[in-house]
Amino acid sequence: MAATGYAGEEGRLQARVDVNGTGRATVETGIPVLDHLLTLLTEHASFDVALEVAPGEPDAEVAAAGRALGQALSEALHDKSVRGYGSAALPADEALAHVALEASGRPLLVSNVDLSDMGVGGLATDLVARFLTQFAEGAGLTLHVRLIEGRDTQHVLEAIFKGLGVALAQACRPRHREESGG
């Protein structure tokens, strides 16, 4: 499954994902820190992602971006020829996060990360939980996020999004290896 796309209501948002990409991101959510986190996800997944969200309320933008990206990935994640699950523990400086996911068709976010009273770069971090919830909904994923260690909010978020990228890449790998001839 190469590329999938999603276009939201009245051209308010567009998402396109090529799971056989090179890690190239074109992300414009209007929220610089979210753009940075989604670029990290893209690079660690080695997907090509184009995501554009028309300006609006930050809460609505974050939710729309999560759902659109999830919907753009849904077909690739649920294809019978791919694994449909993945898991990764990645660091970002002192932070270490573990992300595990399954394309179960039963969307759910389970997380021990509570950053609701903190903010990073103008983004209330409880909006990150909203993004991940909407992403899981859009993609039909059961998504587990565990913070193993971390004090700096920016590093915690980077570790989560890097881990999510690697877990998504694993989930989109072929279920069976090709036989080599000769």
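List of remarks:
- Some residue of region 151-163 being surrounded by fewer than 22 Cβ atoms within 10 Å (Cβ to Cβ), under 12 Å from the mean Cα position of the chain (by Cα) and modelled with pLDDT under 95: no
- Any hit, region 3-14, residues being buried (at least 20 other Cβ atoms within 10 Å of the Cβ) and either of a type in the set (V, I, T) or modelled with pLDDT of 90 or more (or both): no
- Residue match in region 74-83 (condition: surrounded by 22 or more Cβ atoms within 10 Å (Cβ to Cβ) and within 19 Å of L168 (Cβ to Cβ)): yes
- Pairs are defined by a Cβ separation below 8 Å, a sequence spacing of at least 6 or placement on different chains, a first member in region 71-97 that is closer than 17 Å to L132 by Cβ, and a second member that is hydroxyl-bearing (S, T, Y) and surrounded by fewer than 21 Cβ atoms within 10 Å (Cβ to Cβ); the pairs so defined are Q71/Y6; A72/T4; A72/Y6; L73/T4; S74/T4.
- Tallying residues that are surrounded by fewer than 19 Cβ atoms within 10 Å (Cβ to Cβ) and in contact with a Ser or Thr (Cβ under 9 Å, 6 or more places away or on another chain) within region 141-150 yields 4.
- Number of the condition not met by P58 [criteria: (1) in contact with a strand residue (DSSP E or B) (Cβ under 9 Å, 6 or more places away or on another chain); (2) modelled with pLDDT of 85 or more]: (2)
- No other residue among D93, D114 is surrounded by fewer than 16 Cβ atoms within 10 Å (Cβ to Cβ), modelled with pLDDT of 95 or more and of a type in the set (D, E) apart from D93.
Yes/no matrix, rows are residues, columns are (1) assigned to a helix (DSSP H, G or I); (2) under 13 Å from A139 (Cα atoms):
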{"residue": "G21", "(1), (2)": "no, no"}
{"residue": "V33", "(1), (2)": "yes, no"}
{"residue": "V49", "(1), (2)": "no, no"}
{"residue": "P55", "(1), (2)": "no, no"}
{"residue": "R67", "(1), (2)": "yes, yes"}
{"residue": "S74", "(1), (2)": "yes, yes"}
{"residue": "L77", "(1), (2)": "yes, yes"}
{"residue": "G86", "(1), (2)": "no, no"}
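The values are calculated or read from the model by the stated rules, or taken from the named source; none is laboratory data. Quick caveat, the model's predicted, so the values are computed rather than measured. Cβ coordinates were reconstructed from backbone atoms using ideal geometry, including for glycine residues, and neighbour counts include every protein chain displayed.
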